Amino acid sequence: MNWYIILLLVMVYTLIKEGLQLKKRALRRDRIVFTLLWMMTLAVLLTEWRGNSVIRPLDWIRAATWPLSRWLG
Amino acid sequence: MKTPSITIDQFFILTFGLTMGTSILVTPSGLAGIAREDAWLAALLSMAINLLMVCIYIVLTRLYPGSNLFELFENILGKWCGKALSLFYLFYILILTGTLLGNLGFFLTSEMIPETPIEATQILFLIAAVVCARLGIVVLARVGELMFPFIIVLFLVLVLTLIPQIHLDFILPIFDDGIAPIIKAGSHAAVFQELLIMMVFIPLVQEKKKGERAYLGGALLGGIFLTLLVLLSVLVLGIEQTENSSFPAYALAKTINVGNFLQRVEGILVMIWILTFFIKISLLFFSMLKGMRVVFGLKEEGMLINTFSVLIILVAWETYVNSVYIGEIIQKVWFSYALLHLVFVPFLLCLIGIIKRRLLRK
């Protein structure tokens with residue numbers, strides 16, 4: 001089963017439902033944050049769907065904390 | 001809008017749930033791997049370290065009463081530095097939530113329901129957290145109150161039914177390799193309870209002094225339960241099995257056999273784990289939403305729930321790639337990363353906050 005389709009449907013539903021509500025309530029800052037987060041998540045979802053694992057966050061963390069990890073032994 | 005508030009008992013239960021969630025299944029193996037027969041001493045040390053950490057967090061909250069974790073960052077470091085630090089913490093919480101969800105899926109599909117797709121179990125569990133996030137922290141606190149007696153009774157049943165299987169010689173010799181492995185194992189295990197998260201919710205407690213006591217009490221009770229479980233794992237399973245099993249507590253529960261009559265009650269442990277896990281993952285979800293609200297100055301955070309849940313699932317699929325990969329990360333990377341967020345930064349903030357206060361007074 002392709003689970004990505006379910007996630008994509010959730011994303012589309014969220015955009016329609018929350019987007020409309022935010023538009024009605026005229027909360028500009030909330031709308032910007034929502035749109036940015038939504039776009040970021042969609043980008044991650046599509047990249048994952050295509051099979052390009054660009055987000056291996058634990059690998060980023062490994063690289064970032066390498067000096068500290070080495071120091072702590 | 002009226003600010004929600006939670007009672008002292010509810011705060012105590014949430015802290016307890018945060019301490020127990022996930023740790024209950026995986027901690028014994030990590031401790032036994034390093035400290036061997038002294039794993040239970042390492043668990044005691046881990047509890048002491050956690051209590052010390054809570055003391056640091058309490059000092060921090062006293063510096064700016066009524067501020068949550070993310071507001072504290074801004075109060076101590078200034079608006080922009082505080083926001084930047086909050087973003088780092090939000091990333092930490094996001095990765096933590098995803099990894100825990102991955103852990104849940106891995107456990108359920110490898111031990112209990114192997115034919116169910118891992119994605120289905122994770123999505124179903126996340127739906128529960130999403131519903132909880134929509135209903136609010138007060139509902140979670142009340143659910144916690146409802147669950148707590150069940151957790152205690154189930155845990156007591158687990159402990160009492162395991163007593164006949166105990167082999168006291170399994171924890172001997174004590175201090176065979178000295179104190180160094182105990183310190184190493186204890187400090188490593190202490191970073192898996194993430195008690196810092198409760199700083200997001202401590203302003204919601206009405207009576208501050210009693211709230212602080214509940215914070216310490218919840219961490220203490222959770223620590224005692226974990227220590228008991230580690231002790232039982234070693235006493236019943238022995239070192240080799242505790243160390244080599246992915247989920248020793250589950251293996252431990254499988255050994256329950258009272259008079260060839262009471263058997264196969266490992267579901268008890270799974271129930272405790274799932275109940276506390278639900279509390280933990282919901283608290284992490286709430287803290288992410290609160291963090292977003294503070295960092296970006298949002299009027300409401302409810303519209304981010306669905307998007308965050310999709311992001312968490314994606315993170316879970318990408319972090320929990322397989323048990324070898326995650327095992328290596330936990331051993332070599334996660335300790336320093338968590339230590340940074342749970343000890344170094346709060347301690348530094350505490351010092352900065354105290355100095356800043358003194359300077360202001362002068």
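The values are calculated or read from the model by the stated rules, or taken from the named source; none is laboratory data. Keep in mind that what you see is a predicted model, and the values were worked out from it rather than measured. A quick note on method: Cβ atoms are made from the backbone with ideal geometry, for glycine too, and the neighbour counts reach across all protein chains shown. Heads up: the accessible areas ignore ligands, DNA and RNA and are worked out on the full protein's heavy atoms, side chains in. Shrake-Rupley method; radii C 1.70, N 1.55, O 1.52, S 1.80 Å.
Quick one: which of B:195-204, B:323-332 comes out on top by average Cβ neighbours within 10 Å, and what's the full order, highest first?
So the peptides B:195-204, B:323-332, ranked by packing, come out B:195-204, B:323-332.
Could you run the Karplus curve 6.51 cos²θ - 1.76 cosθ + 1.60 with θ = phi - 60° over the range B:52-67 and give me ³J(HN,Hα) per residue in whole Hz, x for Gly and Pro?
Taking θ as phi minus 60°, the curve returns 4, 4, 4, 4, 4, 5, 5, 4, 4, 5, 5, 5, 10, x, x, 9 Hz for the range B:52-67.
Under a cut-off of 19 Å between alpha-carbon atoms, report the aspartates and glutamates in cross-link reach of residue A:24, not counting same-chain residues fewer than 8 places apart.
B:300, B:301
Carbon and sulfur: what percent of the range B:230-319's accessible surface (1.4 Å probe)?
56
Using a probe of 1.4 angstrom, how much of the accessible area of the range B:1-107 is carbon and sulfur, in percent?
70
Would you mind checking which residues have amide H under 5 Å from residue B:6's amide H? H placed 1.01 Å from N; only 5 or more apart, or other chain.
Here the answer is B:205, B:206, since their amide H atoms fall under 5 Å of that of residue B:6.
On a 0 to 90° scale, report how tilted helix B:305-319 is relative to the longest principal axis of chain B, with both axes built from alpha carbons and the result rounded to the nearest 10.
Its long axis makes an angle of about 50 degrees.
Using the Karplus curve 6.51 cos²θ - 1.76 cosθ + 1.60 with θ = phi - 60°, what ³J(HN,Hα) values do you get for each residue of the range B:100-105, in whole Hz, with x for Gly and Pro?
With the stated coefficients, the range B:100-105 comes to 5, 5, x, 4, 4, x Hz.
In chain A, which helices (entire DSSP H runs) extend 18 Å or more along their own long axis, judged by Cα positions, while averaging at least 0.0 on the Kyte-Doolittle scale?
Details: long enough: A:3-25 (33 Å, 0.82); A:28-49 (31 Å, 0.72).
Helices meeting the span and hydropathy rule in chain A are A:3-25, A:28-49.
Excluding residue B:25 itself, what net charge comes from residues whose Cβ is under 14 Å from its Cβ, given Lys and Arg +1 and Asp and Glu -1? Display every interim value, and only then the final one.
On the way: positive: B:254, B:280; negative: B:111, B:266.
Local net charge: 0.
Excluding ligands, DNA and RNA, what is the solvent-accessible area per residue of the protein assembly as shown at a probe of 1.4 Å, expressed in Å²?
Details: 19490 Å² over 435 residues.
Averaged over the residues of the protein assembly as shown, the accessible area is 45 Å².
Out of every Cα pair in the range B:235-362, what percent are spaced more than 20 Å from each other?
Working: 5750 of 8128 pairs.
Roughly 71 percent, once rounded to a whole number.
Ordering B:266, B:37, B:111 by accessible area with a probe of 1.4 Å, largest first, what comes out?
Greatest to least solvent exposure: B:111, B:37, B:266.
Taking a threshold of 20 Å on the Cα-Cα distance, which of the pairs A:17/B:299; B:280/B:332; B:208/B:280; B:208/B:356; B:210/B:280 fall above it?
B:280/B:332; B:208/B:280; B:208/B:356; B:210/B:280, as the Cα separations exceed 20 Å there.
Hey, can you rank B:296-305, B:218-227 by average C-beta count inside 10 Å, highest first?
B:218-227, B:296-305
Note every residue of the range B:303-328 with a reduction of at least 40 square angstrom in accessible area, all protein chains present versus the isolated chain, computed with a 1.4 Å probe, or write none.
B:303, B:306, B:307, B:310, B:311, B:314, B:317, B:318, B:325
Taking θ as phi - 60°, what are the ³J(HN,Hα) couplings along the range B:42-47 by the Karplus curve (6.51, -1.76, 1.60), each to the nearest whole Hz, with x for Gly and Pro?
5, 5, 5, 4, 4, 5
Tally Lys/Arg at +1 and Asp/Glu at -1 over every other residue whose Cβ is under 11 Å from the Cβ of residue B:75; what's the total?
+1
Report the A-B buried area as the accessible area lost on both sides summed, probe 1.4 Å, in Å² to the nearest 100.
3500
Going by Cα centres, the range B:15-91 and the range B:92-170 are how many Å apart?
Taking the Cα centre of the range B:92-170 as reference, the centre of the range B:15-91 is 20 Å away.
Residue A:52 label point, 7 Å along Cα→Cβ, cut-off 19 Å on backbone N: hits in the range B:290-330?
Answer for this model: B:314-315, B:318-319.
Is there a simple number for the mean count of other chain Cβ atoms within 10 Å of the Cβ of residues in B:346-355, and what is it?
0
Of the listed peptides B:269-277, A:1-9, B:237-245, what is their order by residue-averaged count of other C-beta atoms within 10 Å, with the highest listed first?
Ranking the peptides B:269-277, A:1-9, B:237-245 by packing returns B:269-277, B:237-245, A:1-9.
Net charge around residue B:326, counting only other residues with Cβ within less than 14 Å of its Cβ (Lys, Arg = +1; Asp, Glu = -1)?
0
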